[in-house]
Amino acid sequence: MNVKDLMQSAEENNTPFYYYDMELLENTLNKLKYAADKYKYNVHYALKANTNGRVLDLISSYGFGADCVSGNEIGKAVAHGFCPDQIAFAGVGKTDKEIEVGLGNDIFCFNCESIQEIEVINEIATREKKVADIALRINPNVDANTHKYITTGTTENKFGILVAEIAAVVKLIETCKNVNLIGLHFHIGSQVTDLIAYRDLCLRVNEIQDWFDKQNIGLRHINVGGGLGIDYDNPDVNPIADFESFFSIFNTYLRLRNGQELHFELGRSIVGVIGNLISKVLYIKEGTSKNFAILDAGMTELIRPALYNSKHKIENLSKHANISNSFYDVVGPICESSDCFGAEINLPATSRGDIIAIRCAGAYGEVMASNYNLREKPVAVYSRN
């Protein structure tokens, strides 16, 4: 993080704002592309992580596909240079209108998550005189060892088709003339840092593929989702995810069939570290047993800590050389007790007007911002080339 550039941006812009390190994004994309090309893997950027226009423009310029979970995301992906035939459309609750958007753009694939969804896509495709390429999102019952709110691959959650349902789903597809089964889709969760979980996923996919082989059903592609985590604690030490180790797990343990493509849907690991939420201290409040640093940014700008107690590194950029430290609960101005970025944060002695950086806000920061309390959404500021 270029502190000098960031502090200059703080002088020129009202806080709070999102600061994007575009050089780091470019370096991340270069490493990702090198690692993916080495194994001939296909990467779709997960738009749900960040839909900032300049960020999307740079990512699409590398030729990556897009992973979308709404019709509007499909539209934005196309508007920012992603090829429709590289767009995968996921999500448990696709509306009829969104399915029409996907069909109208001739997207790569619908990742289907229920029997009824397949029936609806077939019905709409028939009406539109289209054939929809689909993949089945199978719930592999693999524990990603991450937070329960971002675990998606175990049996008891809303995502995916159960293994026990596969035979019935295949039988249904045989009767649907306007859908074409081309692949399988899996996604076990988000912010996964234990790569053993991906090994377990590979072994489970191998078993499921064996079943399809026995039915003489050929599949063009396997999509293993994303979820690769980032280092929230040490973003300057580990600014770029270890894509090589991630991909090598699949190269070692996953048994692809002849001509079969492997697809990934990565989001946080691409954009998480590049973004920082920049805020200013409004007040220092001394309590009986603790001190509060009250910022002008809150859960409306970064909801992750309030939503599922996520941890972000917090830095006082104005006093980074100060050796006299104190502990603060770093909180926002929103009228909710959960509006807290971190408790007992060790910071240099902090004063009104100090500039605070909440790190690794590039994923699920700006994209989840709200106008709660009728607050204005912050602007985005970009690093200087």
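Only the coordinates and a few stated rules stand behind these numbers; no lab work does. Treat the numbers as computed from the prediction; the structure is a model and nothing was measured. Here Cβ is always computed from backbone atoms with ideal geometry, including for glycine, and neighbour counts include all displayed protein chains.
Where the only charges are on Cβ atoms (+1 Lys, Arg; -1 Asp, Glu), what is the dipole of region 22-271 about its Cα centre, to the nearest 20 debye?
Here the size comes out at about 420 debye.
Pairs from the table (Lys130/Lys158; Lys280/Lys313; Lys290/Lys311; Lys285/Lys319) lying more than 21 angstrom apart at Cα are Lys130/Lys158.
Taking 0.36 nm per residue of separation and subtracting the Cα-Cα distance, what length does fully extending Ile196 through Asp236 add?
The span from Ile196 to Asp236 would gain 11.9 nm if fully extended.
Near the amide H of Ala66, within less than 5 Å, lie the amide hydrogens of Tyr45, Ile87, Ala88, all on another chain or at least 5 residues away, with H placed in the peptide plane. For region 359-385, the residues whose amide N sits under 14 Å from a probe point set 7 Å from the Cα of Asp5 along the beta carbon direction are 381-385. Put simply, the amide H of Gly225, placed in the peptide plane, has neighbours under 5 Å in Phe186, Glu265, leaving out anything fewer than 5 places away on its chain.
For the chain, the 222 nm mean residue ellipticity estimated from helices alone, with every DSSP H stretch of n ≥ 4 adding -39500 (n - 2.57) and the total spread over all residues, rounds to -9000 deg cm²/dmol.
Diagonalising the gyration tensor over the Cα atoms of the chain and scaling each eigenvalue by 5 before taking the square root yields semi-axes of 41, 21, 20 Å, largest first.
Using a Gaussian network model of the chain with C-alpha springs under 10 Å, which one of Ser190, Ser279, Ser326 is most mobile by mean-square fluctuation? Of Ser190, Ser279, Ser326, the most mobile in the Gaussian network model is Ser326.
Can you pull the percent of Cα pairs in region 275-382 with separation above 24 Å? More than 24 Å apart: 17 percent of the Cα pairs in region 275-382. Please return the longest range in the chain lying between exposed loop sites, taking GluC sites (Glu not before Pro), DSSP loop only, at most 12 other beta-carbon atoms within 10 Å, and leaving the sites out. The longest uninterrupted stretch comes out as 157-375.
Of the residues Asn122, Thr51, Ser338, the one whose Cα sits farthest toward the positive end of the charge dipole of the chain, with +1 on the Cβ of Lys and Arg and -1 on the Cβ of Asp and Glu, is Asn122.
Take the chain, mark every one of the trypsin sites (Lys or Arg not before Pro) that falls in a DSSP loop and has at most 13 other Cβ within 10 Å, then report the longest stretch left between them, sites excluded.
41-128
With Rh defined as the Kirkwood radius, the inverse of the mean 1/r over Cα pairs, the Rg/Rh of region 1-141 is 1.08.
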